[in-house]
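Asker: Would you mind keeping the following structure in view while I ask a few things?
The values are calculated or read from the model by the stated rules, or taken from the named source; none is laboratory data. These figures come from a predicted structure and were not determined experimentally. Ideal geometry is used to build each Cβ from the backbone, glycine not excepted, and the neighbour counts take in all protein chains shown. Protein only, heavy atoms only, side chains kept; ligands, DNA and RNA dropped before computing areas. Shrake-Rupley method; radii C 1.70, N 1.55, O 1.52, S 1.80 Å.
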Amino acid sequence: AYAAVLGMLVQGHALDSSISGKLMELVKSGSLPFHAVTFTDLQPPRPGDPDPPRAGRFASPDALLTPSYMAQAAEDPNIVIEPAWKVSIVYGMPCAIYHQLPAAYYLAARFRDDFESAVLHAVNGGGQNQARAILTGALVGAQAGLSKIPQRFLDGLEDREMLQRLALKLASQIETKRK
């Protein structure tokens, strides 16, 4: 589910309240390998509905719903997590992915164009901060682009030139597909 979200961001979609709907459409069209256990408006399937469980499919697309909820929380003025690094306390500090992803999605939605703030809040949250920072950094990097990553974060990065070439190659493939 995280890779699907990241892929959408790389393609230029926003990490906002609509991203989960877009992902669910990909499930319903068969483009994402999830077994849709719910249908329109999260209603259970009716007898005779298509899409029985099949080998090679994830059991449920529920994990695709989380990004929109976290984006809504980041955008809602009535939901306040200050300082933002305390999001790790709200969603949990352990390494389990179900603790990591909500915090990463929240920070990436809140700081969608500010790579440094997103990553530093992820690190300052404690617990499994390295994993949270990696997940958050990938999401914000996909939204903000390479030019918004501070140069000092890139200087001294092992295999920097190769990684930058790969990132630029990926970006050029996406631009080619859009044309």
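Asker: Write out, first by first residue and then by second, each pair whose Cβ atoms fall under 8 Å of each other, whose residues are 6+ apart or on separate chains, and whose first residue, in the stretch 1-27, is basic (K, R) while the second is open to solvent by 50 Å² or more (accessible area, probe 1.4 Å).
Answerer: That search, which allows pairs on different chains as well, returns K22/H13.
Asker: What residue, among those in the stretch 82-141 that are open to solvent by 10 Å² or more (accessible area, probe 1.4 Å), in contact (Cβ under 8 Å) with a residue 40 or more places away in the chain and hydrophobic (A, V, I, L, M, F, W, C), is farthest from P67 (Cα to Cα)?
Answerer: Step by step, filter the stretch 82-141, then rank; the result is W85.
Asker: Please go through the stretch 125-179 and pick out each residue that is of a type in the set (A, V, I, L, M, F, W, C), under 21 Å from A84 (Cβ atoms) and part of a helix (DSSP H, G or I). Talk me through it step by step, then tell me what you get.
Answerer: Kept after step one, since they are of a type in the set (A, V, I, L, M, F, W, C), are these residues of the stretch 125-179: 131, 133-135, 138-140, 142, 144, 146, 149, 153-154, 157, 162-163, 166-168, 170-171, 174.
From what's left, under 21 Å from A84 (Cβ atoms): 131, 133-135, 138-140, 142, 144, 149, 153.
Across the stretch 125-179, the qualifying residues are A131, A133, I134, L135, A138, L139, V140, A142, A144, F153.
Asker: Ok, one more. Is it the case that L42 is among the aliphatic types (A, V, I, L, M), at pLDDT below 65 and open to solvent by 40 Å² or more (accessible area, probe 1.4 Å)?
Answerer: Working: among the aliphatic types (A, V, I, L, M): yes; at pLDDT below 65: yes; open to solvent by 40 Å² or more (accessible area, probe 1.4 Å): yes.
Yes: the conditions hold for L42.
Asker: Name the pairs: first residue in the stretch 142-156 and without any contact (Cβ under 8 Å) to a residue 60 or more places away in the chain and farther than 12 Å from A118 by Cβ, second residue aliphatic (A, V, I, L, M) and surrounded by 14 or more Cβ atoms within 10 Å (Cβ to Cβ), Cβ to Cβ under 9 Å, at least 6 apart or on different chains?
Answerer: G145/A171; L146/A167; L146/A171
Asker: Identify all residues within the stretch 99-145 that are under 23 Å from L166 (Cβ atoms) and among the acidic types (D, E); write none if there are none.
Answerer: Scanning the stretch 99-145 gives D113, E116.
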